[in-house]
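Accompanying notes for the structure given below.
The values are calculated or read from the model by the stated rules, or taken from the named source; none is laboratory data. No experiment lies behind these values; they were computed from the predicted model shown. Neighbour counts are summed over all protein chains in view; Cβ atoms, including those assigned to glycine, are modelled from backbone coordinates with ideal geometry.
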Amino acid sequence: MRKKDMDKVAAVKQAVYDITINEGYQNLSMSKIAKKAGVSQATIYLTYESKEDMLTSIYVEAKDILDSQTKVDLDPATDIETKLKQLFTNYVKTLLAHPEQALYMDAVNNTPELIERNVYQEMMHRNDDIQALVTAGQKAGTLAKVPFPLLVAFTFDSINSWMKVAYSHHVEPDEDQITTAVALCWKVMKA
């Protein structure tokens, strides 16, 4: 078996990001990915068993990058407002630092059948720490007693929409805008 060339693997990932972002996930054919990456389809199959395996692997890697910066502060001395504001700030800054991964994840999150179902479900449970924090805040009366998916829609999903606008207009929000966005997210969540 031939050895994987990590530069070619990186080129394949970049091709997947480029095609997904610029042409839409529906144009992610193996031949188009190979051509854009400057490799043969056989090279792709040295690394990935199938297209689904490739898209899943790239999704997991992108999610790892984003999740690594958005963990809940577990210090019991830190109040919920501070924890959530820090979480939202980290989320915005991570999306700004990794726009291709963020846009790719958004495409997959909107079309989860692109990747292996069991892996997608597992990735969604990585956010259980956030849900546990929200539940604790709701029980304490600090956070609004609103279903978690609704809170996500008006906080994280709103940030995602804002970032897509920023990416498409090639504008990076400044610290004041980030602070304002975080304050708006907190306003949605507080009791």
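Observations
- Search result, residues across the range 13-57 that are in a loop (DSSP other than H, G, I, E, B) and not charged (D, E, K, R): G24, L28, S29, G38, V39, S40, Y48, S50
- Scan of the range 146-172 for residues that are in contact (Cβ under 8 Å) with a residue 40 or more places away in the chain and among the charged types (D, E, K, R), ordered by number: K164, E172
- Against the numbered list (1) under 13 Å from the mean Cα position of the chain (by Cα); (2) surrounded by 14 or more Cβ atoms within 10 Å (Cβ to Cβ); (3) closer than 22 Å to M30 by Cβ, E52 comes up short only at (1).
- Checking each residue in the range 117-145 for being of a type in the set (A, V, I, L, M) and without any contact (Cβ under 8 Å) to a residue 40 or more places away in the chain picks out only M124.
- Taken together, V188, V152, V134, V171 contain a single residue that is assigned to a loop (DSSP other than H, G, I, E, B) and either surrounded by 15 or more Cβ atoms within 10 Å (Cβ to Cβ) or at pLDDT 90 or above (or both), which is V171.
- Checked against (1) closer than 26 Å to S168 by Cα; (2) outside the structural domain of V165 (by TED's automatic domain parsing), E52 passes all but condition (1).
- Between Y45, Y59, Y25, the distinction of being of a type in the set (F, W, Y) and without any contact (Cβ under 8 Å) to a residue 24 or more places away in the chain belongs to Y45 only.
- Screening K71, K63 for residues that are closer than 24 Å to P99 by Cβ and assigned to a loop (DSSP other than H, G, I, E, B) leaves exactly one candidate, K71.
- For the range 25-42, the candidate set comprises residues that are touching a helix residue (DSSP H, G or I) at 6+ places or on another chain (Cβ under 8 Å) and of a type in the set (A, V, I, L, M, F, W, C); within that set, the residue that is surrounded by the most Cβ atoms within 10 Å (Cβ to Cβ) is I33.
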